[in-house]
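The structure under discussion appears below in the form of structure tokens.
The values are calculated or read from the model by the stated rules, or taken from the named source; none is laboratory data. This is a predicted model, so every value here is computed, not measured. Please note: Cβ atoms are built from the backbone with ideal geometry, for glycine as well, and neighbour counts cover all protein chains shown. Quick note on the areas: whole protein, heavy atoms, side chains included, nothing else; ligands and nucleic acids left out. Shrake-Rupley method; radii C 1.70, N 1.55, O 1.52, S 1.80 Å.
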There are 2 protein chains.
Amino acid sequence: MDTMKKNWFTESCEMWPGSTFSFEVKEVLYHERSQFQDIQVFDTTSLGKVLVLDGIIQCTQKDEFSYQEMISFLPLCCHKNPEKVLIVGGGDGGVARDVAKHPKVKEIVQVEIDAKVIEVSKKYLPFMAVGFESKKLTLHVGDGFEFMKNHSHEFDVIITDSSDPIGPAVSLFQENYFALMKSALKPNGIVCSQAGTFWESMGLVKNTLRFCKNQFPIAAYATTSVPTYPCGQIGFVIGSLDESVKLDQPTTKFSLEEIKSMNLRYYNSDIHKAAFSLPSFVKKEIES
Amino acid sequence: MDTMKKNWFTESCEMWPGSTFSFEVKEVLYHERSQFQDIQVFDTTSLGKVLVLDGIIQCTQKDEFSYQEMISFLPLCCHKNPEKVLIVGGGDGGVARDVAKHPKVKEIVQVEIDAKVIEVSKKYLPFMAVGFESKKLTLHVGDGFEFMKNHSHEFDVIITDSSDPIGPAVSLFQENYFALMKSALKPNGIVCSQAGTFWESMGLVKNTLRFCKNQFPIAAYATTSVPTYPCGQIGFVIGSLDESVKLDQPTTKFSLEEIKSMNLRYYNSDIHKAAFSLPSFVKKEIES
């Protein structure tokens with residue numbers, strides 16, 4: 001199928017053959033190939049602005065907050081004192097925007113490999129790129145994998161906001177990546193990585209969780225609802241070096257007033273716990 | 001957009017303009033218009049068998065269990081003794097199949113308006129239509145609304161498994177329908193109705209919940225993940241006449257062994273509680 005037909009963009013991928021999601025385009029705002037990937041930004045009739053990398057939807061203005069808030073606040077709220085945070089990837093700025101909201105976070109370091117994604121987001125996706133303006137943030141353009149080799153025992157939380165494991169992000173789903181993150185963490189550190197949907201990519205979910213479990217004494221998969229991702233569901237693998245942590249019980253709980261003042265539109269303490277409650281067929285697979 | 005192009009079926013609807021979901025068709029198994037609606041059954045490359053009514057996906061073999069188990073077991077497990085259950089709609093048989101699994105259910109009455117849907121499901125969708133073989137079930141072809149006018153104080157639980165509120169199902173989303181269900185319930189009865197997705201149909205969610213709250217002292221919205229529904233998310237409005245019930249705390253809890261022996265692939269007691277934990281933006285809307 002063509003990806004563009006009569007002003008409709010169609011997403012299809014070898015990871016989910018046999019079904020596609022399409023949206024109506026008002027305007028193609030940007031389309032170029034960077035050193036690493038094909039980058040498209042659309043204005044759409046129903047999803048607001050949309051960022052597409054290598055033909056795959058990365059985020060839409062309509063629902064990006066669910067993904068960004070959950071990948072940020074799940075690990076931050078499990079950690080007793082998440083002062084220093086590393087973000088690997090996240091070139092649109094959305095994760096930095098939400099990590100910066102957490103009152104205990106003092107310092108954020110971000111390593112994004114593709115300068116073009118940062119530039120394009122600053123120009124066309126300011127609702128996410130506002131994250132780059134945080135005074136807590138130091139932004140590096142480079143390879144997160146290489147960066148961590150030179151930064152041992154430095155971070156309380158490491159968040160990996162990557163694209164899917166086809167293309168530049170493949171190395172971020174391997175066990176040696178989890179081992180490297182472990183070495184870059186302070187004692188009691190926590191990691192959180194994008195880990196696919198259980199509806200379509202159970203193998204990916206199981207492997208990523210196994211790699212994490214091999215390196216971290218506490219590990220689990222948590223889920224959230226993102227309509228414009230395949231199956232409308234994506235999850236995260238979270239690992240903790242602190243064995244006293246119960247991942248589904250946030251150590252920091254926010255009141256509804258605090259949630260509102262941080263402009264958290266998805267995350268709250270109830271949904272934190274709920275994110276770790278999985279369907280029977282998923283439990284069976286990942287506990288086997 | 002055409003709904004069929006080069007063996008791909010595309011679903012689009014005025015309820016969610018600007019985006020579409022498409023799947024690849026192996027074979028069109030059935031396509032006719034009944035007295036009430038257009039009925040299509042497909043065999044597909046990635047979703048198994050699919051039932052489509054008036055151009056809208058009703059269920060796919062891949063993920064129907066999430067919807068059917070949740071719309072059945074959420075109300076059944078909130079009720080202390082759900083002996084007699086009424087199902088309105090559910091012509092594919094999936095809800096009857098799952099309601100019959102609950103050990104406390106003795107008698108199921110089902111009222112489906114379209115005999116053609118039952119017939120087609122028995123022929124092409126036996127994994128759901130197996131529900132019609134239950135010895136607990138009495139099946140009526142007719143209008144659920146009219147049926148209830150002649151059946152007062154008779155049921156412990158009423159489950160409304162309807163299509164979306166455009167077409168024959170419109171009347172099932174009005175306040176007088178909730179009033180009618182209330183009159184058909186025994187004391188301490190519980191109702192559960194399909195109530196749309198908060199991502200796309202917040203107005204529908206809010207209205208349905210308000211109608212329920214106007215008639216029932218206890219009412220809430222619960223959510224589940226269904227990849228082939230719009231936004232991959234759908235919810236239910238649940239109302240209880242028993243004021244001592246806490247909807248997010250099942251009165252009947254099943255062990256993992258029991259879940260397995262009932263072949264419940266989605267529902268479990270953890271996910272029961274999680275279904276009532278809603279994103280901040282949804283809480284804000286429905287509590288306002």
Problem set entry | Per residue solvent-accessible surface (Å²) - the protein assembly as shown, probe of 1.4 Å | 38
Exercise. Cβ under 11 Å from residue B:230's Cβ, residue B:230 left aside: what net charge do those residues give with Lys, Arg +1 and Asp, Glu -1?
Worked result: -3
Exercise. On average, how much area does the Cα convex hull of chain B cover when viewed from any direction, in nm²?
Worked result: 14.0
Exercise. Lysines near residue B:135 by alpha-carbon distance under 23 Å, same-chain residues fewer than 8 away left out - which ones?
Worked result: B:80, B:84, B:101, B:104, B:106, B:116, B:122, B:123, B:186, B:260
Exercise. Given Cα pairs under 8 Å that are at least 6 residues apart, what percent is the relative contact order of chain A?
Worked result: 16
Exercise. Once every DSSP H run of n ≥ 4 in the protein assembly as shown is given -39500 (n - 2.57) and the sum is divided by its residues, what mean residue ellipticity at 222 nm do you get, rounded to the nearest 500 deg cm²/dmol?
Worked result: -8000 deg cm²/dmol
Seminar exercise, completed: Toy charge model, Lys and Arg Cβ at +1, Asp and Glu Cβ at -1: chain A dipole around Cα centroid in debye, rounded to 20, equals 660
Problem set entry | Kirkwood-type radius of the protein assembly as shown, with distances r between different C-alpha atoms, in Å | 24.6
Exercise. Expressed as a fraction of 2.2 N^0.38 Å, the rule-of-thumb size for a compact globular protein of N residues, what is the C-alpha radius of gyration of segment B:59-191?
Worked result: 0.97
Exercise. Ignoring ligands, DNA and RNA, what percent of the 1.4 Å accessible area of segment A:33-94 is carbon and sulfur?
Worked result: 43
For this session: Jot down the per residue volume, in cubic angstrom and as a whole number, of the convex hull over the alpha-carbon atoms of segment A:1-99.
Result: 122
For this session: Sequence neighbours fewer than 8 away in the same chain don't count; with that in mind, list the lysines whose C-alpha is under 25 Å from residue A:5.
Result: A:26, A:49, A:62, B:5, B:6, B:26
Exercise. Given a 1.4 Å probe and the protein chains all in place, what does the accessible area of residue B:4 round to, in Å² to the nearest 10?
Worked result: 70
Exercise. What whole number of Å gives the distance from the Cα centroid of segment A:63-130 to the Cα centroid of segment B:31-72?
Worked result: 39
Problem set entry | For segment A:8-60, the fraction of alpha-carbon pairs in successive 5 Å shells from zero, as % | 5, 20, 31, 24, 15, 6, 0
For this session: Starting from the exponent 0.38 and prefactor 2.2 Å, build the expected Rg for segment A:113-226 from its residue count and divide its actual Cα Rg by it.
Result: 1.14
For this session: Just give the residues from segment B:28-57 buried by at least 30 square angstrom of accessible area in the all-chains context relative to the isolated chain, probe 1.4 Å, and say none if nothing qualifies.
Result: B:46
